[in-house]
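Structure first, then comments.
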Amino acid sequence: MCGIVGFVGNRQAAPILLDGLSKLEYRGYDSAGVAIRNGSEPAKVVKSQGRLRVLAEKTDNGRTLLGTCGIGHTRWATHGEPSKKNAHPHVSGNCTGSGSGDVESEVVGVHNGIIENYKELKEKLLKHGYQFYSQTDTETVIKLVDYYFKKYGDDPVNAIAKTMVRVRGSYALCLMFKSHPGEIWVARKDSPMIIGVADGETYVASDVPAILEYTRQVYYIGNLEIARLVPGEVTFFNLDGDEIRKELSEISWDANSAQLEGYEHFMMKEIHEQPKAITDTLSAVVKDGRIDLSVFGLTEEEVQNLSQITIVGCGSAYHTGVVTQYVMEDLAKIPVRVELASEFRYRTMLLPPNSLVVVVSQSGETADTLEALRQAKEKGIRTLAIVNVMGSSIAREADKVFYTMAGPEIAVATTKAYSAQLIAGYLLSIEFALVRGTISEEKYLEMMGELWALPAKIEKILEDKERIQWFVAKQANVQDVFFIGRGIDYAVCLEGSLKMKEISYVHSEAYAAGELKHGTMSLIEDGTLVIGVVTQKDLFDKTISNMSEVKSRGAYLMGLTTYGHYAIEDTVHFTVYVPKTDEHFTASLSVIPLQLMGYYLSVSRGLDVDKPRNLAKSVTVE
Ligand code: F6R
């Protein structure tokens, strides 16, 4: 969940590393550090606790650190408190004081992931005379590389491979060896890392935005592979030390998409990018008004015989699965189960033979979702991944990938990836419905038309965002918020509630409107804010009557509905309208005001919208 950047080329490395790390700061942010090599001089390590700007100030934005080869890291503490000592890079020698300064160590490195057996390895290294200065698992792995390097004759491939065989857990490792100037060595298992090349320059990063400004030509390093980086060239090795050949891939993301471009926060920028994310996702797969079924990796016969679909994801990705469940079951009449990946992976998985497992993930690196995918594959079940990040682990391991075209998402709280995932779920549902004959050709085309109309409708909602801002300003001191709805409206409530709590730190809960009476209603008191989402015609009266029940117990009511449902104003204190669309797709519109509410509440409380406390963008540990 931390960020890694490395560079070797002809330019000064430190400013490039700091720039790259600033693009990854959302991944982890309790400390940061860089190690820079100037020719054959030993690496100079500089670390600091706190935000990246502390490190930038300390090094005059990298200008005080000379050298064209270096590695850098932003840390999100797992083993050991956030401190300068525990910050990366770590060194194989006896680091002085706080861990900063010139070091004479053979190995210096940074690491993402968790080394599960580090205590046992540390014991072994202590017996061999190594001394430890930090509480991290990373220091152990760096010292283990040093141990094997010295034991087996100064060969980085061998030393790294031996280390990889001994460690258990996940890692993206980025190392420099004192006796190999001008080289960066990397290795990975179950933790993301990509390598970019440009003219005479080589980059490595844990996430695409860090290097997007410099190159779009990348190599994907596979699990249990090692690579040697020199200026403009990369050599790959397997665990046996044999060289492997790899093809370069091109990343289609635009470098500007990882910049603020005048917005105050990435979250607001990404909220505004939702119309484009939807159009791009549709354009990628809909040709002449139709989807080619092969984009989902299934034949017509296989779709007709599907006995069950299991959708797996975490957080907001899981929430899109809940929406898809309603849409798919209603349109294609296929039973759908939606599972939280962290639960699903530890349960007896009852997956019927003719079933499909759909894993949903923006990053494509979420540890629990990746493991759920692997287990489904082991059971011989066909898998489809709905993923945003090209070349990510989930994208590479699933039988088939459907790429959402949201572009890089920087804010921790997802918005545009959520919207693009919804589109993937709708497309899957209407295509399967057509193949199974549960909707007519005419209905299919009509629904396709509705999908293409969603971006303009979102633009319309965004034009009126100040009204939401005004409402939220009045609610700035709210303590508890309840989101209620039925059907698809309940599914969108789950997302609205998560958006609110994760960035504004206000307690909120989403409830199926009919469930309130079964316990939660006792929490409603004078002034409690209850937001009712009511976009489904057939459920309108039912939800309104649940809203009246809380109103009579003192709740302050906001209603979110589609234009035309004006009767809602008889019940609620404040109404937000969204344009009409096919009722299966209303989540794409009703989620927008809810995202805006979370955003404005966070801003009004003076919080760090894009980097909420305790959270990281990619959850690569379970
Ligand atoms: C919430 C949010 C998270 C992610 C979840 C899954 O705003 O972003 O709940 O949806 O961590 O992440 P991915 O989609 O990368 O698997």
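The values are calculated or read from the model by the stated rules, or taken from the named source; none is laboratory data. These numbers come from a predicted model, not from an experiment. Note that each Cβ is placed from the backbone with ideal geometry, even for glycine, and that neighbours are counted across all protein chains shown. These accessible areas exclude ligands, DNA and RNA; they are computed on the full protein's heavy atoms, side chains included. Shrake-Rupley method; radii C 1.70, N 1.55, O 1.52, S 1.80 Å.
Select from the stretch 110-149 those GluC sites (Glu not before Pro) which occupy a DSSP coil region and have at most 13 other Cβ atoms within 10 Å, ordered by residue number.
Numbers: sites: GLU116, GLU120, GLU123, GLU139; in loops: GLU116.
Loop-located and lightly packed - GLU116.
Where Lys and Arg each count +1 and Asp and Glu each count -1, what net charge lies around THR581 among other residues with Cβ under 14 Å from its Cβ? Walk me through the numbers on the way to the answer.
Values: positive: LYS457, LYS460, LYS537, LYS580; negative: GLU446, GLU450, GLU459, ASP489, ASP582, GLU583.
Around THR581, the surrounding residues sum to -2.
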The answer for GluC sites (Glu not before Pro) in the stretch 467-536 that fall in a DSSP coil and have at most 15 neighbouring Cβ atoms within 10 Å is GLU525
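Which net charge results when you count Lys and Arg as +1 and Asp and Glu as -1 among the other residues whose beta-carbon is under 14 Å from that of ALA424? Each step should come with its number before you reach the end.
On the way: positive: LYS400, LYS416; negative: ASP280, GLU431.
So the surrounding residues net to 0.
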Residues meeting the amide H criterion for GLU201 (H placed from the backbone, H to H distance under 5 Å, 5 or more places apart or on another chain) are GLY232
Longest principal axis of the chain (C-alpha) makes with the long axis of helix 540-551 (C-alpha) an angle, in degrees to the nearest 10, of 80
Too long for a 20 Å Cα-Cα cut-off, among LYS119/LYS178; LYS276/LYS416; LYS23/LYS499; LYS379/LYS400; LYS58/LYS85, are LYS119/LYS178; LYS23/LYS499
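Given +1 on the Cβ of Lys and Arg, -1 on the Cβ of Asp and Glu, and no further charges, what dipole in debye does the chain carry about its Cα centre, rounded to the nearest 20?
Value, rounded to 20: 1540 debye.
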If amide H atoms are modeled at 1.01 Å from N in the peptide plane, then the residues at a separation of 5 or more from VAL621, or on another chain, having amide H under 5 Å from its own are ALA367
When the charge dipole of the chain is computed with +1 at the Cβ of Lys and Arg and -1 at the Cβ of Asp and Glu, the Cα pointing farthest to the positive end, of ALA187, GLY80, SER508, is that of GLY80
Projected onto the charge dipole of the stretch 236-299 (unit charges on the beta-carbon of Lys, Arg, Asp and Glu, signs +1, +1, -1, -1), the Cα from PHE237, HIS272, THR299 with the largest positive-side position is that of THR299
Note, GLU139: beta-carbon cut-off 11 Å, +1 each Lys/Arg, -1 each Asp/Glu, net +1
Diffing the stretch 293-301: the Karplus 3J(HN,Hα) column from phi (6.51, -1.76, 1.60, θ = phi - 60°), in whole Hz with x for Gly and Pro, holds 3, 5, 5, 9, x, 10, 8, 4, 4
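Longest exposed-loop-site-free stretch of the chain, with chymotrypsin sites (Phe, Trp or Tyr not before Pro), DSSP loop and at most 16 other Cβ within 10 Å?
Between exposed loop sites, the widest span is 347-504.
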Sequence order, the stretch 531-537: Karplus ³J(HN,Hα) from phi using 6.51 cos²θ - 1.76 cosθ + 1.60, θ = phi - 60°, Hz rounded, Gly and Pro as x, gives 10, x, 9, 9, 10, 9, 3
Here the alpha-carbon Rg of the chain over 2.2 N^0.38 Å rounds to 1.01
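On average, how much accessible surface per residue is there in the stretch 48-157, in Å², for a 1.4 Å probe, leaving out ligands, DNA and RNA? Intermediate values should be presented prior to the final figure.
Values: 4500 Å² over 110 residues.
Heavy-atom accessible area per residue stands at 41 Å².
What do you get for GluC sites (Glu not before Pro) in the stretch 169-252 restricted to DSSP loop and a cutoff of at most 13 other Cβ within 10 Å of the site's Cβ? Walk me through the numbers before you get to the answer.
Details: sites: GLU183, GLU201, GLU213, GLU225, GLU233, GLU243, GLU247, GLU250; in loops: GLU183, GLU213, GLU247.
Those satisfying the criteria are GLU247.
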For LYS162, counting only aspartates and glutamates whose alpha-carbon sits under 15 Å away and dropping same-chain residues fewer than eight positions off, the answer is ASP146, ASP154, GLU225, ASP240, ASP242
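With only Lys, Arg, Asp and Glu charged, each at its Cβ (+1 for the first two, -1 for the last two), find how big the charge dipole of the stretch 266-462 is about the Cα centre; round to the nearest 20 debye. Numbers along the way, then the final one.
Details: 19 positive and 25 negative charges, 55 e Å.
Using Cβ point charges on Lys, Arg, Asp and Glu, the stretch 266-462 gives about 260 debye.
Calculate how many DSSP beta bridges within the chain are antiparallel, expressed in % of all such bridges and rounded to the nearest 5.
Working: 65 of 106 bridges.
The answer is about 60 percent antiparallel.
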For the chain, the longest principal axis of the Cα atoms and the Cα long axis of helix 416-435 enclose an angle in degrees, to the nearest 10, of 60
Amide H contacts under 5 Å for THR404, restricted to residues at least 5 apart in sequence or on another chain and with H modeled in the peptide plane, are VAL387, ASN388
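Report, to the nearest whole %, how much of the accessible area of the chain belongs to carbon and sulfur atoms, 1.4 Å probe, protein only. Could you put the intermediate results ahead of the total?
Working: 10690 of 22690 Å².
With neighbouring chains kept in place, the figure for the chain is 47 percent.
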Taking a straight Cα-to-Cα line shorter than 20 Å from LYS551, and setting aside same-chain aspartates and glutamates fewer than 8 residues away, one finds ASP480, ASP489, GLU509, GLU515, GLU525, ASP526, ASP541, GLU569, ASP570
What the 10 Å binned alpha carbon P(r) of the stretch 3-251 shows, as percent of pairs per bin from 0, is 8, 37, 40, 14, 1
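Which value, in debye to the nearest 20, gives the size of the charge dipole of the stretch 3-251 about its Cα centre, when Lys and Arg are +1 and Asp and Glu are -1 at the Cβ?
Values: 30 positive and 31 negative charges, 134 e Å.
About 640 debye.
Using only C-alpha positions, report the orientation-averaged shadow area of the convex hull of the stretch 265-356, nm², one decimal.
Numbers: hull surface 31.1 nm².
Reported value for the Cα convex hull: 7.8 nm².
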Averaged per residue, the 1.4 Å probe accessible area of the stretch 266-462, protein heavy atoms only, in Å², is roughly 33
Rounded to the nearest 10 degrees, the helix 465-474 long axis (Cα) sits at an angle to the longest Cα principal axis of the chain of 90
As straight-line cross-link partners of LYS537, the qualifying lysines (C-alpha separation under 17 Å, not fewer than 8 residues apart within one chain) are LYS580
In the stretch 467-604, taking the dipole from +1 charges on Lys and Arg beta carbons and -1 charges on Asp and Glu beta carbons about the Cα centre, the listed residue (SER497, PHE540, ILE484) farthest towards the positive end is SER497
